[in-house]
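Working notes, structure below.
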Amino acid sequence: MGAQAPAAKVVGLIAGGRQFPVLVAQGVKAKGHRLVVAGFTGHTNPEVYPLADAHRELRLGQLAKLLDFLREHKVEQVVMAGTINKPGVMDIRHFDARAVKLLLSLPGKGDDAILRALSGLLESEGMELLPPQTYAQGLNTPSGVLTKRSPDAREWADLKRGAALARQLGALDIGQCLVLREGIVAAVEALEGTDAAIARGCALGGPGCVVVKVMKPGQEERVDLPSVGPDTVRTLAKGQGSCLGVEAGNSLFFDLESAVALADRAGIAIVGLSSADLDG
């Protein structure tokens, strides 16, 4: 007799914006699992809802209703995928009592602290938290120079300095992305997100800026890996930036082929930064 097929699971997808939640949803359905999607008004990509066996759209901060919805559908595994408009997280006026209690219990209010607390809460409810790559594979950033053009000596120096600084800032749970030129920092990612930080940094630093994006030390990698894609490259090209460095293996690169083609046309160098690059 052949091996028995794995039993179908009930997978809860906490979905944000852009294409990632759609890719995860497609992967869940392809494996024959039941998909339960929780989205947020004004944040979630609506294209994910038709893929769901059950879905509900909530306001950001309705934590009690989120947990009730996942329990109601007997969710066994939970995946978080997609972007959330971070300034919206600052408006706690519409948060329910459960969400406010969670926030007030945290010594720090950075992304990683909040996501760790939410992850722990879901696991305390008996749900297994899985990284989204479980159902959307092949997105990890490869190591090495990915474009036709390699960084020049000045860009390599900025990449190494930027990665070291980004790691120091990441240890404080501040951003994942840093923009610099000639060793001078032009922007550090905060609530505005990567693309806005790149636009601001390039406007301040001028043509030739280098962008570095790395994982925070000790980051909760199941829910918030650094990610880039074609929009990142478009923003960099518009700002006349010249180089993008992304941590290899520990970051996600969406539509890599399209992004590299865009970079090649703009003369931008893209590098998947290896451990040797980061620690050198």
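Bear in mind these aren't lab numbers, they're just calculated from the coordinates by the rules spelled out. Because the structure is predicted, anything quoted here is derived from the model rather than measured. Every residue, glycine among them, receives a Cβ derived from its backbone with ideal geometry; neighbour counts consider all protein chains shown.
Just a few scattered comments:
- Beyond 24 Å in Cα-Cα separation lie the following of the pairs Lys9/Lys101; Lys31/Lys216; Lys213/Lys238; Lys29/Lys101; Lys148/Lys213; Lys31/Lys213: Lys9/Lys101; Lys31/Lys216; Lys29/Lys101; Lys31/Lys213.
- Label-to-label distance, Lys238 versus Thr134, with points set 7 angstrom from Cα along the beta-carbon direction: 3.6 nm.
- A dipole drawn for the chain from +1 and -1 charges on Cβ atoms has a positive end, and of Leu172, Pro142, Pro21 the residue lying farthest that way is Pro21.
- Residues Ala171 and Glu192, FRET efficiency given R0 of 25 Å [Cβ-Cβ distance, rounded to 0.05]: 0.75
- Taking every alpha-carbon pair under 8 Å whose residues sit at least 6 apart, the chain reaches a relative contact order of 17 percent.
- Sequence-distant residues sharing a close amide H with Val78 (under 5 Å, placed H): Gly12, Glu128, Leu129, Leu130
- The length gained on full extension between Asp53 and Ala30, counted as 0.36 nm times the residue separation minus their Cα-Cα distance, comes to 7.0 nm.
- Each Cα pair under 8 Å and six or more residues apart adds its sequence gap; the mean of these over the residue count of the range 167-215 is a relative contact order of 40 percent.
- Classification of the range 144-279 by its C-alpha gyration tensor yields a rounded form. The axis ratio a/c (a ≥ b ≥ c) stays under 1.5.
- Given charges at beta-carbon only (K, R positive; D, E negative), |dipole| of the chain in Debye: 280
- Dividing the C-alpha radius of gyration of the chain by 2.2 N^0.38 Å, with N its residue count, gives 1.04.
- Our helix-only sum for the chain, with -39,500 (n - 2.57) per DSSP H run of n ≥ 4 divided by its residues, gives a mean residue ellipticity at 222 nm of -11000 deg cm²/dmol.
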